[in-house]
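Enquirer: Right, I'll just put the structure down here and ask away after.
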Amino acid sequence: MRGFSKAIITGNLTRDPELRTTPNGASVCSFSVAVNRVFKDSSGTQQESVSFIDCSAWGKLGEMIGQYAKKGAGVLVSGRLDQRSWEDKSGQKRSRVEIVVEDFNFTGPANNEGGSRGGSYGDSGSKGGNIQGEPEDDISNGNEEIDLSEIPF
């Protein structure tokens, strides 16, 4: 039986993405997304919790994210989960689970530092992706209410 791994998160970048080049010339961009969750505890009090999810994007997609994404930007990220293991300098075994990004979208308003609103970027050849860095046309200006009666499902 083949396994399947897919993760989709939305949140805000916790820092500016870090773009690096591996010794063999591949580009990789690392960043972290803060994902907020609001819930009620057993006494009915509203609580908030934040998870910090590490992500990495390779190749052209990583270069695009490194160029356009900035700390605080609202993003939607989808990809596969990957667990890496290594030994640190003291010989202790370490591991980390991260999302290897396959698709990336800006979700928040444009910011003054070159962020984009509504752009979609994915692996080359993926549906909805735009590797040249041009955000896809947005279907609304963000100020209009959606009429739920017009949705066919």
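Enquirer: Hey, does the stretch 53-63 have a residue that's at pLDDT below 95 and of a type in the set (A, V, I, L, M)?
Expert: Scanning the stretch 53-63, I find no residue that is at pLDDT below 95 and of a type in the set (A, V, I, L, M), so the answer is no.
Enquirer: Another one. Enumerate the pairs (first residue in the stretch 39-54 and surrounded by 10 or more Cβ atoms within 10 Å (Cβ to Cβ); second residue anywhere and at pLDDT below 95 and assigned to a loop (DSSP other than H, G, I, E, B)) with beta-carbon separation below 7 Å, excluding pairs fewer than 6 apart on the same chain, so at least 6 apart or on different chains.
Expert: 47/41
Enquirer: Answer yes or no as to whether residue 28 is touching a Leu at 6+ places or on another chain (Cβ under 8 Å) and among the β-branched types (Val, Ile, Thr).
Expert: Numbers: touching a Leu at 6+ places or on another chain (Cβ under 8 Å): yes; among the β-branched types (Val, Ile, Thr): yes.
Spelling it out, residue 28 is indeed touching a Leu at 6+ places or on another chain (Cβ under 8 Å) and among the β-branched types (Val, Ile, Thr).
Enquirer: Scan the stretch 26-33 and tell me whether some residue there is touching a Phe, Trp or Tyr at 6+ places or on another chain (Cβ under 8 Å), of a type in the set (Ser, Thr, Tyr) and closer than 29 Å to residue 4 by Cα.
Expert: Looking through the stretch 26-33, at least one residue is touching a Phe, Trp or Tyr at 6+ places or on another chain (Cβ under 8 Å), of a type in the set (Ser, Thr, Tyr) and closer than 29 Å to residue 4 by Cα.
Enquirer: Within the stretch 58-82, which residues are buried (at least 16 other Cβ atoms within 10 Å of the Cβ) and part of a helix (DSSP H, G or I)?
Expert: Correct list: 60, 61, 62, 63, 64, 65, 66, 68.
Enquirer: Here is a follow-up. Among the residues of the stretch 6-28, write down those that are touching a residue at least 40 places away in the same chain (Cβ under 8 Å) and assigned to a strand (DSSP E or B).
Expert: Of the residues in the stretch 6-28, the ones touching a residue at least 40 places away in the same chain (Cβ under 8 Å) are 6-19.
Scanning the stretch 6-28 gives 7, 8, 9, 10, 11, 12, 13, 18, 19.
Enquirer: With the requirement that a residue be closer than 16 Å to residue 13 by Cα and hydroxyl-bearing (Ser, Thr, Tyr), what does the stretch 51-95 give you?
Expert: Within the stretch 51-95, 51, 56, 68, 78 qualify.
Enquirer: In addition: From the list 18, 87, which residue is acidic (Asp, Glu) and at pLDDT 95 or above? It would help to see each step written out before you state the result.
Expert: On the way: 87 fails: at pLDDT 95 or above.
One residue alone meets the criteria, 18.
The values are calculated or read from the model by the stated rules, or taken from the named source; none is laboratory data. The structure displayed is predicted, hence computed values, not measured ones. Note that each Cβ is placed from the backbone with ideal geometry, even for glycine, and that neighbours are counted across all protein chains shown.
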